[in-house]
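Only the coordinates and a few stated rules stand behind these numbers; no lab work does. Predicted, not measured: the structure shown is a model, and the values here were computed from it. Don't worry about glycine lacking a Cβ; one is built from the backbone with ideal geometry, like all the others, and counts go over all protein chains shown.
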Amino acid sequence: MAYVITEPCIAAKDKSCVSVCPVDCIHEGVATEGEKSIDMLFINPDECIDCGLCEPECPVTAIFADSDVPKQWEGYIQMNANMFRGK
Ligand code: SF4
Ligand code: SF4
């Protein structure tokens, strides 16, 4: 399991989640989906320890446990993981 950042972060990107993460696994990046660039913060699922500290910090409710991601944003689970592939 891991926590996942979803669409509302795109407009906010205030990074208040970054400073509370004890394992420093939240990073800014740009994902591409078709012709669209998605510039936001992402969580490395291999490093996330599921502490949940980031979730209440987000002012736009963009962070969810992967099992609780709303249906319309489920694609973000893979998108977060893809950002860290090969790193
Ligand atoms: S706190 Fe929320 S909006 Fe701010 S950077 Fe983190 S996920 Fe994005
Ligand atoms: S759940 Fe904890 S370890 Fe995972 S990204 Fe959030 S603050 Fe970091």
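What order, most packed first, do the peptides 20-31, 72-83 have when packing is the mean number of other Cβ atoms within 10 Å of each residue?
Values: 20-31: 14.3, 72-83: 16.9.
Sorting 20-31, 72-83 by mean packing, highest first, produces 72-83, 20-31.
Mean separation of Cα pairs under 8 Å and 6+ residues apart, divided by the residue count of segment 3-82: what relative contact order is that in percent? Walk me through the numbers on the way to the answer.
On the way: 116 pairs, mean separation 34.2, N = 80.
Relative contact order of segment 3-82: 43 percent.
Taking Cβ separations below 4.7 Å as the criterion for a possible disulfide partner, the isolated cysteines in the chain are Cys9, Cys21, Cys25, Cys48, Cys51, Cys58.
Compute the length gained on full extension between Ser16 and Phe84: take 0.36 nm times their separation in residues and subtract their Cα-Cα distance, giving the result in nm to one decimal.
Details: separation 68, 0.36 × 68 = 24.48 nm, distance 2.05 nm.
In short, 22.4 nm is gained.
Placing +1 on each Lys and Arg Cβ and -1 on each Asp and Glu Cβ, with no other charges, gives the chain a dipole about its Cα centre of roughly 160 debye.
Other residues within the sphere of radius under 11 Å centred on the Cβ of Ala65, judged by their own Cβ, net out at -4 (K and R +1, D and E -1).
Sorting the segments 58-66, 8-16 by their mean number of nearby beta carbons within 10 angstrom, highest to lowest, gives 58-66, 8-16.
Scale the Cα Rg of the chain by the rule-of-thumb value 2.2 N^0.38 Å and send over the ratio, two decimals. If you can, show how the numbers build up before the last one.
On the way: Rg = 11.6 Å, N = 87, 2.2 N^0.38 = 12.0 Å.
Expressed relative to 2.2 N^0.38 Å, the Cα Rg reads 0.96.
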